[in-house]
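A quick write-up on the structure given underneath.
Values in this text are rule-based calculations from the coordinates and carry no lab data. All figures in this text were calculated on a predicted structure; none of them were measured in a lab. Counting neighbours? That spans all protein chains shown, and the Cβs are built from the backbone with ideal geometry, glycine included.
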Amino acid sequence: MRKVLLMSVILAGLSAMPAQALWVSGDVSATDKTKFGSYGNMSTKVYKIAFGNDIFTAGYKTTDYNFSRYSPIDKLHLLFGDIHYEGSINTTVGYFVGAEATLGWEDEFHVTDNYSLRPRAGFSFVINEDFSIQAGVAGDINKAKSRILPALALRYRDPSDLGFSAVIGSENAARYRFNEYVAAEASLAIKNQEVYQLKDNSVLAHKGYLIEESSNAKLGLIITPLTAFNIRAGVSVDFDRDYKIYNHSGDKIRTIDTDSNVGGYLNADYNF
C-alpha cells in the first residue's frame with residue numbers, strides 16, 4: 001500500500017510540471033555466471049522501465065538473482081526519480097542543477113531506511129561548436145555509505161549528428177552514426193553504486209544494507225527504424241564488482257567480491 005501511495009505522489013508531482021515531449025523506454029539485460037563468495041555461482045537478469053522528458057526521469061528496476069547453491073538474495077527492487085534543469089547565463093557559460101531520489105529494497109519496504117538522495121550542480125562552458133565542458137559536484141546520501149563526487153564531462157558533438165561523438169568524465173560514452181538508421185555505441189561506467197535495504201530476516205544482515213559497486217563496459221548497435229523509435233542491443237562486461245554488506249546501523253560487515261562476467265542487453269525507446 002505504501003508503495004502504491006508513494007508512486008501516486010511521484011506521478012502527481014510530475015503531472016504538475018510544464019508539458020514537455022515525453023519518452024518511454026524498456027530494458028532487459030542478463031549476465032552469465034560468476035562466483036559469489038561461499039554461495040556458489042551467481043547470474044542475474046535485470047528488467048527496467050523508465051519515462052521522462054527534458055526536466056524529469058522516473059522509473060522502476062528489478063534484478064533477479066540465481067545462485068547455484070542457496071540464495072542469500074532473491075530479488076532486488078529500485079524505484080527512482082530525477083529532476084534536472086540546464087540554463088544559460090550567456091552564450092558561453094551555462095549551469096545545471098538536479099537531484100535524484102531512489103528507493104532500493106529486497107522485500108519489506110521501509111521508506112525512511114532504503115532511500116538514496118543524489119543532488120548535483122555545476123557550470124557548463126562552450127569551447128566551440130563541437131566541444132563543451134561541464135564541471136560541478138554531486139552527492140550520494142544514504143543510510144549506509146554517503147559520499148561526495150565530482151560531476152565532470154567533456155562533450156564532443158551531439159550524439160544525433162552523423163559521424164563520431166563522445167562524452168568523457170563522470171560518464172563515458174562514444175557513438176558513431178553511419179546514417180539516420182544505424183549507429184554503433186560504446187560506454188564505460190566506473191564504480192556505479194546502488195544501495196538496497198535487505199529483508200528483515202536476511203542471512204546477510206537483518207534489515208541491513210547491500211551496496212553493489214561495479215564497473216561496466218558496453219558495445220552495441222542502435223537501430224532507428226522510425227524517427228521517434230530506437231532499438232539498442234549489444235554485449236556488456238561487468239568488472240571490478242563487489243557487494244558491500246552493512247548492518248542496520250550502517251556499520252560495514254564484509255565485502256563479497258565477484259569475478260568479471262559477460263552479458264547482453266536489449267533496449268527500446270519511443271519519443272512522443
Using a Cα-Cα cut-off of under 23 Å, which lysines could be cross-linked to LYS143, ignoring same-chain neighbours fewer than 8 residues away? LYS3, LYS61, LYS75, LYS191, LYS199, LYS207, LYS244, LYS252
Take the alpha-carbon centre of segment 92-119, take the same for segment 139-197, and report the distance between them in whole Å. 18
Rank TYR60, SER43, LEU204 by how far each Cα sits towards the positive end of the charge dipole of the chain (+1 on Lys, Arg Cβ; -1 on Asp, Glu Cβ) and give me just the farthest. LEU204
Specify the angular offset, from 0 to 90 degrees and rounded to the nearest 10, of the alpha carbon long axis of helix 2-15 from the longest principal axis of the alpha carbons in the chain. 10
Going fewest to most other Cβ atoms within 10 Å around each Cβ, VAL195, VAL126 line up as VAL126, VAL195
For the chain, with a Gaussian network of springs between Cα atoms less than 10 Å apart, report the residue from ILE127, ILE222, ILE49 with the top mean-square fluctuation. ILE127
Can you pull out the GluC sites (Glu not before Pro) in segment 131-233 that DSSP calls coil and that have at most 10 other Cβ atoms within 10 Å? GLU180
Roughly how far apart, in whole Å, are the Cα centres of segment 45-85 and segment 222-272? 9
Can you give the charge dipole size of the chain about its Cα centre, rounded to the nearest 20 debye, using +1 on the beta carbon of Lys and Arg and -1 on the beta carbon of Asp and Glu? 520
Which of VAL97, PRO119, VAL137 sits closest to the plus end of the dipole of segment 77-156, meaning its Cα is farthest towards the positive end, when Lys and Arg get +1 and Asp and Glu get -1 on the C-beta? VAL137
